[in-house]
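The values are calculated or read from the model by the stated rules, or taken from the named source; none is laboratory data. The structure presented is a predicted model; accordingly, all values stated were derived computationally and were not measured. Ideal geometry is used to build each Cβ from the backbone, glycine not excepted, and the neighbour counts take in all protein chains shown.
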Amino acid sequence: MPSATFQFPKGFLWGTATAAHQVEGGNTNNNWYKWEQEGHTAHKSGLASDWWGGRWKEDFDRAAESGQNAHRLSVEWSRIQPTPDRWDEEALERYRSMLRGLRDRNITPMVTLHHFTDPLWLEELGGWETSQVVPLFEKYVRKVVEALKEYCTLWCTINEPNVYNIEGYIRRNFPPGKSDIKLGLQVQANMVRAHAVAYRLIHQLQPETRVGYALHFRPQEPFHRWSPLDRLMRNVKFEAINLAFPSAISTGVMRSPLGNVRVPEAKGTQDFFGLNYYSVDTVAFDLRKPGELFSRSFFPAGADLADAGMNSNTPDGFFWAFKWAVKTYPNLPILVTENGIEDSTDRLRPRYLAQHVHAMWRAVNFNWPVKGYFHWSLVDNFEWERGWTQRFGLWALDIETQQRTKRPSADLYAAICKENGLSSGMVQKYCPEVYSKLFPG
Ligand code: BGC
């Protein structure tokens, strides 16, 4: 049996990612709280993982003990600015102590400024649908960066603007639960504008900073490669899901199937490409689905599916995502801002993790500038409209007792972080079923 280690470059960032509303608990002043009270979610977030109650300390201890040297978290706009004319200094102080807590543990923080939730007052003003959100976001970003820059030089402006748009304005899983593609396009354009303004502002406040956003990048495959209709549908979906933000940042023109939008100020506004990668979709032409652009997305027979069937284990798509990123943004550092799988029993996560780390290692060995990886997630947390039905944590969470239980994947990830690589011994121990795939011969 071959024995080897897929080694990563010195200084590689190994971390986990979380988001405020999903871990903090007790967020009662944002649009998601309202959405939960209205009954749109499988469960309510409640205490979540109780970070606002102080349990971030024990979770950061876990991260540090398992060799993680980076963590991506988000701050909650509705806590920091509870009303348009009031800042909550105590909330900012709490975030300062969290970031200090990371630094004390030798963990590099990345702060996300917007991760799906909006203050209720902003929603009442029309949220991201009107361009008045841009100066409001700018004001909020100034306040946050001034307060936290002592501890953070790595900023993510907006998490997954494409998911915010698709889930909130097409699928109606997220607030505001509308079905209006045109309005969704407007929302995305305002997000591009707000991102560009934030990018410049953060650089002005903190010259040594690095700023990006996180794109949910979902590769699409035609069901039958020989079918021109499947290929056409694949291309339409690929563009509609993935390309709005990247095109705006590459060219200053936001591409969309409904028409392009000029946002010249967005061109070049990222210092790294933030990649959230989970899975690949297969796309087939389907006349019965006019609402989905005459196509259907699914996982093919035999896919290595997770608990809820929301993601499948497709590490080749991860490699392909790097290839796409390098082609789109030559020489720009790439940070994997999220990657993970819903798997409460951890039957699939070890091989998902090993195979994705391996795909990333292949990318690194092409000399592609992949600089870090944030696994989603450190501990089980509130999964939006799916409530507590999906578990992404390296540590399991009992929401009644708040007790954490380590999953085997946590040990595998700790071994990877500490070794700065993935070894044949790790694969043999945690996911022997993929050993011959990763170490053939
Ligand atoms: C989001 C996270 C979410 C994860 C798993 C990503 O799209 O950024 O907030 O928990 O997917 O569903």
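For (1) within 16 Å of the ligand (Cβ to nearest atom); (2) farther than 18 Å from Glu292 by Cβ; (3) among the hydrophobic types (A, V, I, L, M, F, W, C), each residue gets a yes or a no:
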site	(1), (2), (3)
Val197	no, yes, yes
Arg210	no, yes, no
Pro219	yes, no, no
Phe223	no, no, yes
Leu243	no, no, yes
Pro246	no, yes, no
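If only residues of region 258-278 that are part of a loop (DSSP other than H, G, I, E, B) and buried (at least 21 other Cβ atoms within 10 Å of the Cβ) are counted, the one that is farthest from the ligand (Cβ to nearest atom) is Val263. Residue count for region 375-406 under the criterion of being assigned to a loop (DSSP other than H, G, I, E, B) and either within 16 Å of the ligand (Cβ to nearest atom) or touching a helix residue (DSSP H, G or I) at 6+ places or on another chain (Cβ under 7 Å) (or both): the result is 17. Of the residues making up region 326-342, those that are touching a residue at least 60 places away in the same chain (Cβ under 8 Å) and either crowded, with 20+ Cβ neighbours inside 10 Å or within 22 Å of Ala308 (Cβ to Cβ) (or both) are Ile334, Leu335, Val336, Thr337, Glu338, Asn339, Gly340, Ile341.
If you go through region 326-367 and keep only what is more than 16 Å from the ligand (Cβ to nearest atom) and in contact with a strand residue (DSSP E or B) (Cβ under 7 Å, 6 or more places away or on another chain), you end up with Tyr329, Leu332, Pro333, Ile334, Ala354, Val357, His358, Met360, Trp361, Ala363, Val364.
Here's the yes/no breakdown for (1) farther than 20 Å from Ile202 by Cα; (2) surrounded by 20 or more Cβ atoms within 10 Å (Cβ to Cβ); (3) of a type in the set (Gly, Ala, Ser):
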residue	(1), (2), (3)
Leu73	no, yes, no
Glu76	no, yes, no
Asp88	yes, no, no
Glu93	no, no, no
Ser97	yes, no, yes
Asn106	yes, no, no
Pro109	no, yes, no
Thr130	yes, no, no
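Every condition in (1) within 16 Å of the ligand (Cβ to nearest atom); (2) assigned to a helix (DSSP H, G or I) holds for Asn173 except the one numbered (2).
State yes or no: is Leu412 crowded, with 21+ Cβ neighbours inside 10 Å, among the aliphatic types (A, V, I, L, M), modelled with pLDDT of 95 or more and in contact with a Pro (Cβ under 8 Å, 6 or more places away or on another chain)? In short, yes.
Here's the yes/no breakdown for (1) within 25 Å of Leu332 (Cα to Cα); (2) surrounded by 22 or more Cβ atoms within 10 Å (Cβ to Cβ):
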| residue | (1), (2) |
| --- | --- |
| Leu229 | no, no |
| Met233 | no, yes |
| Pro246 | yes, no |
| Ser256 | yes, no |
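Condition (residue is in contact with a strand residue (DSSP E or B) (Cβ under 8 Å, 6 or more places away or on another chain) and under 30 Å from Pro135 (Cα atoms)) applied to region 58-72: is it met by at least one residue? Yes, region 58-72 contains a residue that is in contact with a strand residue (DSSP E or B) (Cβ under 8 Å, 6 or more places away or on another chain) and under 30 Å from Pro135 (Cα atoms). Residues of region 180-200 that are touching a residue at least 60 places away in the same chain (Cβ under 8 Å) and either farther than 14 Å from Ala266 by Cβ or of a type in the set (Val, Ile, Thr) (or both): Ile181, Lys182, Leu185, Val187, Val192, Val197.
Taken over region 82-107, the criterion of being within 19 Å of Thr28 (Cβ to Cβ) and either among the aliphatic types (A, V, I, L, M) or in contact (Cβ under 8 Å) with a residue 12 or more places away in the chain (or both) is satisfied by Pro82, Thr83, Pro84, Trp87, Ala91, Leu92, Arg94, Tyr95.
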